[in-house]
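Read the structure below first, then the notes.
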Amino acid sequence: MPDVANIPFLLLTTGVGVALFFAAREFVKGVRLAKHEHDARSAAGSGSHDRNDPDDGPEPSQRDNTPHRQWYQVLEVEPTAGPEEIRVAYRRMIALYHPDKVNNLGVDLRSMAERRAKEINAAYAMARKMRGL
């Protein structure tokens, strides 16, 4: 049986461990999604350019070939979501796709994260504008 004096410490460390577990799980989910999006875009692009040259990519007008999505689709909420739900969804999404989180994972993943972060920020701005916040 643990010493009674150590119980608050054990509870604290257990809580921190659980929080780190869920944060790591969400991060891994975001990295997998980013890799999937990168692979899909790579497969859709032409194979004629050198994959090791980051400057030799598709034309800027072809880089963002994702279909236009509504703000609530980007933030993964219902169109009728309230201000608090929108704010929580924004924070969750930006935490997954913030470019600083993937800084050491390579140029491709960082550029994808930058695009997604811009999309998330634009969606949040639109949601705030539509809701008058």
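A few comments on the model shown:
- Across the stretch 97-117, the qualifying residues are those that are assigned to a helix (DSSP H, G or I), of a type outside the set (A, V, I, L, M, F, W, C) and at pLDDT below 90, and the one among them that is surrounded by the most Cβ atoms within 10 Å (Cβ to Cβ) is Y97.
- For the stretch 63-83, a tally of residues being over 28 Å from G132 (Cα atoms) and in a helix (DSSP H, G or I) returns 1.
- Residues being more than 22 Å from K129 (Cβ to Cβ) and of a type in the set (A, V, I, L, M, F, W, C) - total across the stretch 84-106: 4
- Subset of the stretch 123-133 [open to solvent by 70 Å² or more (accessible area, probe 1.4 Å) and assigned to a helix (DSSP H, G or I)]: M126, R128, K129, M130, R131
- Filter result for V28 (surrounded by 10 or more Cβ atoms within 10 Å (Cβ to Cβ), modelled with pLDDT under 80 and aliphatic (A, V, I, L, M)): yes
- Residues considered: I86, I94, I120. Of these, the only one that is assigned to a helix (DSSP H, G or I), more than 17 Å from K35 (Cβ to Cβ), free of Cβ contacts under 8 Å to residues at least 40 places away in the same chain and open to solvent by less than 60 Å² (accessible area, probe 1.4 Å) is I94.
- Matching residues in the stretch 71-82 - criterion: being more than 17 Å from R32 (Cβ to Cβ) and open to solvent by 70 Å² or more (accessible area, probe 1.4 Å): Q73, E78, T80
The values are calculated or read from the model by the stated rules, or taken from the named source; none is laboratory data. Since the model is a prediction, treat every value here as computed from it, not as a measurement. Reconstructed Cβ throughout: ideal geometry from the backbone, glycine too, with neighbour counts over all protein chains shown. To get the accessible areas, we keep the full protein, side chains included, count just its heavy atoms, and leave off ligands, DNA and RNA. Shrake-Rupley method; radii C 1.70, N 1.55, O 1.52, S 1.80 Å.
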